[in-house]
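A quick write-up on the structure given underneath.
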Amino acid sequence: MGTWEAVRRGRLLIALLVAAAAIPPASSAAATTLPKKAKASSPPELLSELPVHAGRLVPSSVVFPIYGDVYPHGLYYVVMNIGDPSKPYFLDVDTGSDLTWLQCDAPCVSCSKGPHPWYRPKKSKLVPSGDPLCAALHSGIAQGENSGQCDYEIQYEDRGSSLGVLLYDAFSLRLTNSTRASPILAVGCGYDQQSAVQDASAPTDGVLGLGTGKVSVLSQLSNQGVTKNVVGHCLSGKGGGYLFFGDDLVPSSRMTWAPMSRIGFRNYYSPGPAKLYWGTQSLGAKQIEVVLDTGSTFTYFESHPYQAFLSAVKSDLSKTPLIEEFDDSALPVCWKGQKPFKSVSDVKKYFKTLALDFVKGKRALLELSPENYLIITKHGNACLGILNGSEAGLRNLNVIGDISLQDHMVVYDNEKQHIGWVRAACNRLPNADDHGLEDGDLSQYASMGVLK
């Protein structure tokens with residue numbers, strides 16, 4: 001992906017497809033380094049200083065500072081140290097897909113210039129085609145024992161894609177109990193990337209897949225006993241925030257919870273169907289299926305609820321001094337005032353709260369204030385960060401993206417199979433004293449998730 005001005009409509013990293021068939025090498029050069037007949041390895045043992053009780057590892061948590069913003073950069077990312085010796089990589093935080101991958105010099109057939117040198121693979125670390133993680137990646141369809149390695153192809157809704165091979169490597173972590181761990185996890189070596197924006201430099205080195213599937217980093221850490229199968233994030237509207245694995249930072253009260261709901265065969269995080277309200281006004285009797293996706297910059301509704309929402313907004317604004325602006329290239333629906341706006345605070349009095357009432361939860365209401373759906377562009381216009389998902393090719397899928405998740409702590413608890421959220425100051429760690437942390441100021445933990 002490129003910068004905001006190159007991407008224009010932001011990124012949409014919700015995964016469409018992981019290929020189930022073996023993928024031939026994209027070139028003879030790629031085949032030279034990672035041959036189809038290469039002997040793949042078994043996963044190495046966990047390297048750690050983790051505490052052990054009754055012969056079992058005691059799960060802890062790990063916290064990563066988040067960098068980036070919705071505008072003007074259009075993405076949130078974390079720093080991960082990977083390899084032996086470990087090297088830092090910027091990874092796009094994506095709860096809408098499972099696979100974690102890095103741009104990889106295998107050698108690379110098609111890669112963008114990124115913030116760090118491309119990941120260098122080792123043939124001895126290939127994941128075997130018969131490995132259970134390979135079968136999970138390909139939805140249980142085996143690739144064939146003779147292929148020697150686990151190939152993959154993943155496509156995203158923004159027309160980006162990554163083709164590569166799965167490897168085992170060390171992820172260097174520092175946990176909240178002050179111990180260190182270097183778990184050996186499967187990661188994608190992406191040697192052929194196609195971007196939605198051609199000839200653009202990449203702001204990250206790859207994608208951190210945090211979906212519910214077995215190949216996700218979260219599931220692998222849980223299976224090795226490093227952390228519990230819980231992930232949470234807090235994206236600050238001012239930029240930055242934090243991501244955590246494990247349940248040490250989950251508040252014991254105040255959270256709103258809804259049971260996880262499965263949408264088809266996809267490993268998406270969904271709190272189930274929801275009713276939409278604009279203020280106290282219902283936007284239609286039809287319930288919409290919703291996915292929470294940090295890989296999406298914006299929020300997308302399918303055509304009917306989107307049009308109902310847009311009509312309600314425009315009806316309200318017809319009674320205000322705001323004038324629709326058609327020449328702002330950042331987003332399709334914008335308004336201007338008598339003078340340029342400096343922040344959402346300048347216009348929020350004209351807008352209502354958009355609420356999603358998740359019908360499977362107990363009073364499970366996600367309330368989106370104007371800050372959770374408006375962008376003030378560099379031109380000083382107020383633009384809707386909720387877009388028509390049908391026009392974006394999402395069909396009947398409704399995606400709650402970064403803009404609407406800002407200033408909420410959101411927790412995906414795969415142990416208890418529910419999703420929770422609460423409004424929070426995302427530039428500070430919550431309840432630091434309750435979790436053995438010295439101070440709640442996030443700046444004190446700039447390296448907690450990265451082993452120096």
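Below, the figures for the structure above:
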| read-out | value |
| --- | --- |
| Per-pair calculated FRET efficiency, R0 = 35 Å: residue 342 and residue 178 via Cβ, rounded to 0.05 | 0.25 |
| Phi to ³J(HN,Hα) by Karplus 6.51 cos²θ - 1.76 cosθ + 1.60 over the range 182-192, Hz, x for Gly, Pro | 10, x, 8, 10, 7, 9, x, 9, x, 9, 8 |
| Cβ-based net charge around residue 118, under 15 Å, with every Lys or Arg adding one and every Asp or Glu removing one | 0 |
| Anchor residue 378: lysines whose Cα lies under 16 Å away (excluding residues fewer than 8 positions away in-chain) | 238, 336, 339, 342 |
| Calculated log₁₀ intensity ratio I(q)/I(0) where the Debye formula runs over C-alpha points of the range 158-210, q = 0.30 Å⁻¹ | -1.25 |
| P(r), alpha carbons of the range 288-327 - 10 Å bins starting at zero, rounded % | 23, 38, 32, 8 |
| Lysines whose Cα lies under 18 Å from that of residue 214, excluding same-chain neighbours fewer than 8 positions away | 228, 416 |
| Residue 263-residue 58 pseudo-label distance in nm [points 7 Å out on the Cα-to-Cβ vector] | 4.0 nm |
| Estimated inter-spin distance, residue 116 and residue 254, nm [label 7 Å along Cα→Cβ] | 3.4 nm |
| Only Lys, Arg (+1) and Asp, Glu (-1) charged, at Cβ; the range 194-331 dipole about Cα centre in debye | 680 debye |
| Euclidean distance of C-alpha centroids, the range 179-238 and the range 255-310, integer Å | 24 Å |
| At 0.692 mPa s and 37 °C, Stokes diffusion of the range 256-423 via Kirkwood alpha-carbon radius, µm² per second | 200 µm²/s |
| Alpha carbon centroid spacing (whole Å) that separates the range 322-341 from the range 358-418 | 21 Å |
| Net charge contributed by nearby residues that have their C-beta within less than 14 Å of residue 229 (K/R +1, D/E -1) | -2 |
| Sequence of 335, 257, 101 once ranked by neighbouring C-beta atoms within 10 Å, starting from the fewest | 257, 335, 101 |
| Qualifying lysines (Cα of each under 16 Å from Cα of residue 125; at least 8 residues distant if same chain) | 36, 37, 39 |
| The range 333-390, dipole about Cα centre (Lys/Arg Cβ +1, Asp/Glu Cβ -1), debye to the nearest 20 | 100 debye |
| Extension gain, residue 159 back to residue 316 (0.36 nm per residue minus Cα-Cα distance, nm) | 53.0 nm |
| Built amide H within the under 5 Å cut-off of residue 96, gap 5+ | 210, 294, 295 |
| Long-range HN-HN contacts of residue 283 with modeled amide H, under 5 Å | 276, 277, 278 |
| Residue-span extension gain [residue 285 to residue 326] - 0.36 nm each, minus C-alpha spacing | 11.7 nm |
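Each value in this text was obtained by applying a stated rule to the coordinates, not by laboratory testing. No experiment lies behind these values; they were computed from the predicted model shown. Neighbour counts run over all protein chains shown; Cβ positions are idealised from the backbone, glycine included.
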